[in-house]
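Colleague: Shown below is the structure under consideration.
The values are calculated or read from the model by the stated rules, or taken from the named source; none is laboratory data. Quick caveat, the model's predicted, so the values are computed rather than measured. When we count neighbours, we look across all protein chains shown, and the Cβ atoms used for this are built from the backbone with ideal geometry, even at glycine. Surface areas here come from the heavy atoms of the whole protein model, side chains and all, with no ligands, DNA or RNA. Shrake-Rupley method; radii C 1.70, N 1.55, O 1.52, S 1.80 Å.
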Amino acid sequence: MSSDAYVFDAYGTLFDVHSAVRKHADALGPAGARMSQVWRQKQLEYSWVRSLMGSYSDFWKLTEESLDYALAANDLGDKNGHLREILLEAYWTLDCYPEVPKVLKRLRKNGARIGILSNGSPEMLNAAIESSDLGHLIDDVFSVDAVKKFKTAPDVYRMVTDSWDMKAKKVSFQSSNRWDIAGATKFGFKTVWINRTEQPDEYKSYAPNKVLSTLEEL
């Protein structure tokens, strides 16, 4: 399923959102893995609730708020006040998945246009891209901050087609988040769900064109 343009979600698709916690696994102890899951869950939940309320807030702010909740919910907040600072610092330099550089290079070699479309703030995205040395492989970075709405609002996906003057069906959109794939499918993108953790399917009315276990298979 080749395309002229490939757009990638950032967090969970290109960048491993749990790598921040893994870098400090010793400090967090047995509660670390659970805390990381709650942090991610609340980060997304807060974006959806904000969207429904019509009350946009920068994604970094939501990342801070969701971490506060996750630490408190796992009895880590008061005991280890320093954890908040080091985990937030680590979030600026999340690891990219191992196959990402090779896949992006291959797509560029084939002449494809490459972009990122993310809930992340411009500062967050730029920091992650720089940390993983991906800047030379990406043509454009689209942040929801430009429209002050989070995914899955159609205006978010429309940023790509408006900026590139391209029909939605010409764009292949990749995300590890099934709800994001549903939104992009409804908008009209060709979609590829990167199901890294073998999650069951959902949103079956908005099925992806392909399901892959890693970006390597793209």
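Colleague: Which members of the stretch 71-110 meet the condition of being modelled with pLDDT under 95 and small (G, A, S)?
Modeller: A72, A73, G77, G81
Colleague: Filter the stretch 89-131 down to the residues that are closer than 15 Å to V141 by Cα, touching a strand residue (DSSP E or B) at 6+ places or on another chain (Cβ under 8 Å) and open to solvent by 80 Å² or more (accessible area, probe 1.4 Å) and list them by number.
Modeller: Answer for the stretch 89-131, where residues must be closer than 15 Å to V141 by Cα, touching a strand residue (DSSP E or B) at 6+ places or on another chain (Cβ under 8 Å) and open to solvent by 80 Å² or more (accessible area, probe 1.4 Å): R113, N126.
Colleague: Which condition number in (1) in contact with a helix residue (DSSP H, G or I) (Cβ under 9 Å, 6 or more places away or on another chain); (2) surrounded by 15 or more Cβ atoms within 10 Å (Cβ to Cβ) is the one that E216 fails?
Modeller: (2)
Colleague: Further question: Checking A5 against (1) open to solvent by 10 Å² or more (accessible area, probe 1.4 Å); (2) under 16 Å from L104 (Cα atoms): exactly one of these is not met. Which one?
Modeller: (1)
Colleague: Follow-up question, since we're still on this one. Considering each residue of the stretch 177-192, count those that are of a type in the set (F, W, Y), within 15 Å of G115 (Cβ to Cβ) and open to solvent by 30 Å² or more (accessible area, probe 1.4 Å), and give that number. Lay out the reasoning, then the answer.
Modeller: Residues of the stretch 177-192 that are of a type in the set (F, W, Y), as a first pass: 179, 187, 189.
Of the ones still in play, those that are also within 15 Å of G115 (Cβ to Cβ) are 187, 189.
Now restrict to residues that are open to solvent by 30 Å² or more (accessible area, probe 1.4 Å): 187.
Adding up the residues that qualify gives 1.
Colleague: Among the numbered criteria (1) in a helix (DSSP H, G or I); (2) β-branched (V, I, T); (3) farther than 24 Å from R50 by Cβ, which single criterion is violated by V211?
Modeller: The number of the failed condition is (1).
Colleague: Please state which one of F173, F142, F150 is assigned to a loop (DSSP other than H, G, I, E, B) and either under 23 Å from D95 (Cα atoms) or open to solvent by less than 50 Å² (accessible area, probe 1.4 Å) (or both).
Modeller: F150
Colleague: Is it true that S163 is polar (S, T, N, Q), farther than 13 Å from Y11 by Cα, in contact with a Lys or Arg (Cβ under 7 Å, 6 or more places away or on another chain) and not in a loop (DSSP other than H, G, I, E, B)?
Modeller: no
Colleague: Quick one: count up the residues across the stretch 45-76 that are in contact (Cβ under 8 Å) with a residue 24 or more places away in the chain, more than 13 Å from Y91 (Cβ to Cβ) and open to solvent by less than 70 Å² (accessible area, probe 1.4 Å).
Modeller: 9
Colleague: Restricting the first residue to the stretch 202-215 and requiring it to be more than 24 Å from E99 (Cβ to Cβ), which pairs with a second residue that is open to solvent by 80 Å² or more (accessible area, probe 1.4 Å) and modelled with pLDDT of 95 or more meet a Cβ separation below 8 Å and a spacing of at least six or different chains?
Modeller: Final answer for the pair search is Y206/K186.
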